[in-house]
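Data block below; observations after.
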Amino acid sequence: MCGIVSLVYKDETRNMGREAAELLRRLEYRGYDSTGASFIGKDRNIVLIKRVGSPTKVCAELDVPSYKGQRFIGQVRWATFGAVSDVNSQPHHVRCKVEMVGAHNGNISNTDSLKTSLGARGHEVVSDNDGEIIVHLVEEHYAANKAAPQKALAEMRRAYAASGLGAPVADEVLLIVDAIRKAEAEADGSYAAAVADPRVPGCFAIKSGSSLYAGMGKDEDGSFVVVSSDLTSVIAKTPMLIPLAEGEGLWYTEDRYLVFSLGGEARFAEPRLKRSKLNVRDTGLNPRYKYYMEQEIASAPDNMDAIERYYFADEREAALASVLEDNRSVAKELLDKACDLAASANDAALGAAFDELAASSDWRALAAKVNADAAARAPIAGRSSFKSDEAQLLADLARLRPAAQADLALLDLAMIWRKRRSVTRYARELSDRIRETRKAGGTVYVVASGTSYHAALTAAYFWNGLAGVPLYPCNPGQFRSAYMDSLGDADLILAISQSGETKDLVDILQDVAETRPRIKRAALVNNENSRIPQELADFYLPILCGPEIAVAATKSFVNQLVIMYILAASYRQPEAAVKASVSRAKGLLADTLRLSAPAIDEVAERLYLKPSIHMLGTGLFGLAREAALKVREVVLNHSEGYDAAEFKHGPNTILGKNTVFSMAEVVKAMDAALAAGAEGKGAGAGAAELLASDPSIVEGLFSNYPLVFVCPPDARDARITISQIHTHKIRGADIVLFAEKHPELDLAVKGVPAGRDDYRSAYVEIPASGDRYLFVFAATVALQYLAFRMSVLKMEYLDRLGVRDHGVHPDAPKNVSKSITVD
């Protein structure tokens, strides 16, 4: 939901525009309605350029790389407050009382009343955009502080002195900090922002309910601080992060930063830098792929390695785990110290800190105990790469200390051991909580939005069949309207979110915590450092899919399903059986992408210009909904997901003649109309008269309607699917079926109804599992790949026609955002 970015150097550099353009393009997945950049140079003048359009388009049109500057604030917009227009684009340059520039990401819900209030206080608000409101609010309070600085300055100086920080801070900086705190008190909403006064050193950032990251580093232009809504934008420039929590602000120059509280008692801090656990390579596009969506679908089998690593015990590491358990206190203390190495300011400091740790008596004693046990040291000897969350830190150390490979391998395995202990403990706790909820007569609600909601629907399928436990999946709106006021203390809420920041879900968890504090709240998230797991859940489980760049969620959906399968199956089955099933699922994913792709490519060619499609899952309502969502997101064709048997209760009226026409059908009718005109039929008549004069032209518009069935390997589901296929194909449906090999299904799909010679069908055979639950994983990646191929084909088609701003793209389709952080 929009994105902001800022960069500060010591001196003006001609490379600032190039850096700005690259940072803006990294935010394209967060917004493409408009793009803007503001630069402050050595002359302290603000240069603002912005325009409607994506970062890729606008950076080229406005030649952003050509600009120079010492400070930069930029924004990409996904419009909410205010139409998509140049004036509503951000950043905003204001000078009603003092000159400032700034941008925001998120929303200010009391924008309308604040706009009136600011007008009464002498401000000219020129846009309808809530980002301008934040900049004017800071301007208003900073101007007031400058006019009468005594009280505000005294309070800020006392707070700064109480922090114990030694380096002096300019009065103007403290006055802007106070102004930001007062602006925050007036603004209602969730947002992140960056603002600057050209006459005051540095820039200021605000983290108030939306993601914001900051880092410090050095490049060819010298030292810098970079701030962004997106972590990958930061780690693309530096691995060293400035810790910034919710409800905190940041003042930063090229070589200094100061964190301050936004509300309550004024506090200041200079937290130590921390090294990112991610490497920029983790967010890059492999040369094998042209699009992130394709890469992320293809990564699904490999992503399951992390799930197996942390959700199951590893027999090969059992002896090592036993040694670490016997020395648990010392091991945890050493691991904490190892993680603290990430705060080292540079390679020299990192190497020295590691040497000190490795030479410590505690470490040498622990390593000796491991080496004394042949089974415990076995996994160390054969370790060629790092797999823990601190893999990047360990890789940096391996580069600096190649002779310490054994110690680094032990650290890696020990970090995995510690996280596995946490994950398996919380997985057991969730299972225990569900048992307690059931015993007490409570209800298990699974609350999620978008793709995660469809994972919740599919999770209910797993839990019903594998565990005999009913789950109540709902999105936040459904939960609030149907269940919020009737909750009981015995109930349990499981929130699912890729980002951990989804505003609708955050609001639900906050409200439950306030009104029903005894209700337990668990979460399943990918971003473990986000607000939901860190602030709003009693405990959480990680999704472990790594960064997901494409807007349409694919690999996170697969991992959510795998983990919910593990939890459901483990409710009744022993770990060994569940682990074996997950290993089979991984193989099915790989086989499906390899073996079924040619058939899916053919289906995509047939469907990509169809204006409307229904996805029908037999018993797999959640999967059908998700398949339809993927088509809507990246192909921009209408698509609906239904339970297969439910389609006949009303939606089937779309079969036969309807007025949903594809571009290909319209072109065909136009050709017929032109031919009729050439023959003199209806000469001189308008289009309507011409069509009326020759009914065959209109008849040529009609075609069969595509139904895509998804049928698991279950006898009853197969019977239902066969019945539905026969029912609908005689009424004007073309049939596509995703299923494992089944002779009767094959006959039902391929049989041509009498009198319907135009009937078309396709059977996409999914590799055999013989298990209706494992089938879900193979079908998922097959349907994701279908949407991806349809997107590419339609995008290329529209590009050939010269259609501008059509918005079809597998990675960044129009009107959707990766993380929705507004109401």
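A short reminder: the numbers here are calculations on the coordinates, not readings from a lab. What you are looking at is a predicted structure, and each value in this text was computed from that prediction instead of being measured. Here the Cβ positions follow ideal geometry from the backbone for every residue, glycine too, while neighbour counts run over all protein chains shown.
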How big is the range 479-576 in terms of Cα radius of gyration and Dmax, in angstroms?
14.4, 41
Label corresponding to volume of the Cα convex hull per residue in Å³ when calculated from the structure given, among (i) 366; (ii) 192; (iii) 204:
(ii)
Farthest positive-ward along the range 320-386 dipole, Cα basis, beta-carbon charges - from Ala349, Phe386, Leu320
Leu320
What is the gain in length, in nm to one decimal, between His638 and Glu325 on full extension, counting 0.36 nm per residue of separation less the C-alpha to C-alpha distance?
107.2 nm
Restricting attention to the range 223-314, which trypsin sites (Lys or Arg not before Pro) occupy a DSSP loop and are surrounded by at most 10 other Cβ atoms within 10 Å?
Arg288
Once you have the Kirkwood Rh of the range 458-531 from its Cα pairs, apply Stokes-Einstein at 10 °C and 1.306 mPa s and quote D in µm²/s.
120 µm²/s
Kirkwood estimate for the range 564-645, i.e. one over the average of 1/r between Cα atoms, Å:
14.9 Å
Grab the Cα-Cα distance for Lys57 and Ala375, subtract it from 0.36 nm times how many residues apart they are, and report the gain in nm with one decimal.
108.7 nm
Go through Ile543, Phe775, Ser570 and say which Cα lies farthest out towards the positive end of the charge dipole of the chain; charges sit on Cβ, +1 for Lys and Arg, -1 for Asp and Glu.
Ser570
J(HN,Hα) series, the range 252-257, from Karplus relation 6.51 cos²θ - 1.76 cosθ + 1.60, nearest Hz, glycine and proline x:
8, 10, 6, 9, 8, 9
About its Cα centre, what dipole magnitude does the chain give when the only charges are +1 on Lys and Arg Cβ and -1 on Asp and Glu Cβ, stated in debye to the nearest 20?
900 debye
Local net charge near Val469, Cβ-Cβ under 11 Å (Lys/Arg +1, Asp/Glu -1):
+3
Compute the signed sum of charges (Lys and Arg +1, Asp and Glu -1) over the other residues within less than 13 Å, Cβ to Cβ, of Gly807.
-1
Share of Cα-Cα pairs in the range 747-788 beyond 13 Å, in percent?
65 percent
When only alpha-carbon atoms count, how far does the range 510-648 stretch along each of its three principal axes, as whole angstroms with the largest first?
52, 38, 35
Nearest-0.05 FRET efficiency for Asn464 and Ala513, computed from C-beta distance (R0 22 Å)
0.20
Taking N as its residue count, the alpha carbon Rg of the range 178-277 over 2.2 N^0.38 Å:
1.04
Relative contact order for the chain using alpha-carbon pairs under 8 Å, separation at least 6, rounded to a whole percent?
10 percent
Please go through the range 456-537 and write out the trypsin sites (Lys or Arg not before Pro) that DSSP classes as loop and that have at most 13 other C-beta atoms within 10 Å.
Arg518
Limiting things to C-alpha atoms, what are the Rg and the maximum Cα-Cα separation (Dmax) for the range 261-353, in angstroms?
19.8, 53
With label points built 7 Å along Cα→Cβ from the Cα atoms of Gln573 and Val660, find their separation and express it in nm.
3.7 nm
Using r as the Cβ-Cβ distance of Ile730 and Ala645, and R0 as 22 Å, what FRET efficiency do you calculate, to the nearest 0.05?
0.85
So if a site counts as exposed when it's one of the GluC sites (Glu not before Pro), its DSSP state isn't H, G, I, E or B, and it has at most 12 other Cβ atoms within 10 Å, what's the longest stretch of the chain without one?
266-678
Simple spin-label model, 7 Å along Cα-to-Cβ: Ser113 to Ser361 in nm?
6.4 nm
Relative contact order for the range 509-589: what percent, with Cα pairs under 8 Å and sequence separation of 6 or more?
19 percent
Quote the convex hull volume per residue of the range 193-337, based on C-alpha atoms, as a whole number of Å³.
204 Å³
Rounded to the nearest 500, what is the 222 nm mean residue ellipticity of the chain from helices alone, with -39500 (n - 2.57) per DSSP H run of 4+ residues and division by all residues?
-14000 deg cm²/dmol
Quick check on my link table: of Lys50/Lys97; Lys648/Lys741; Lys10/Lys151; Lys586/Lys729, which ones sit more than 28 Å apart, alpha carbon to alpha carbon?
Lys10/Lys151; Lys586/Lys729
Rg over Rh, two decimals, the range 302-384 (C-alpha only, Kirkwood Rh):
1.02
When only Cα pairs under 8 Å and 6 or more residues apart are kept, what is the percent relative contact order across the range 538-686?
16 percent
Trypsin sites (Lys or Arg not before Pro) in the range 74-177 lying in a DSSP loop, each with at most 16 other Cβ atoms within 10 Å of its Cβ, come to Arg95, Arg121
From the phi angles alone, apply the Karplus equation (6.51, -1.76, 1.60; θ = phi - 60°) to the range 463-474 and give each ³J(HN,Hα) in whole Hz, x where the residue is Gly or Pro.
5, 5, x, 8, 10, x, 10, x, 10, 10, x, 7
Quick check: residue separation of Arg95 and Asp538 times 0.36 nm, minus the Cα distance between them. What number comes out in nm?
154.9 nm
Label zone at Asp347, where the point sits 7 Å out along the Cα-to-Cβ direction: the range 386-421 residues whose backbone N lies under 14 Å
395-402
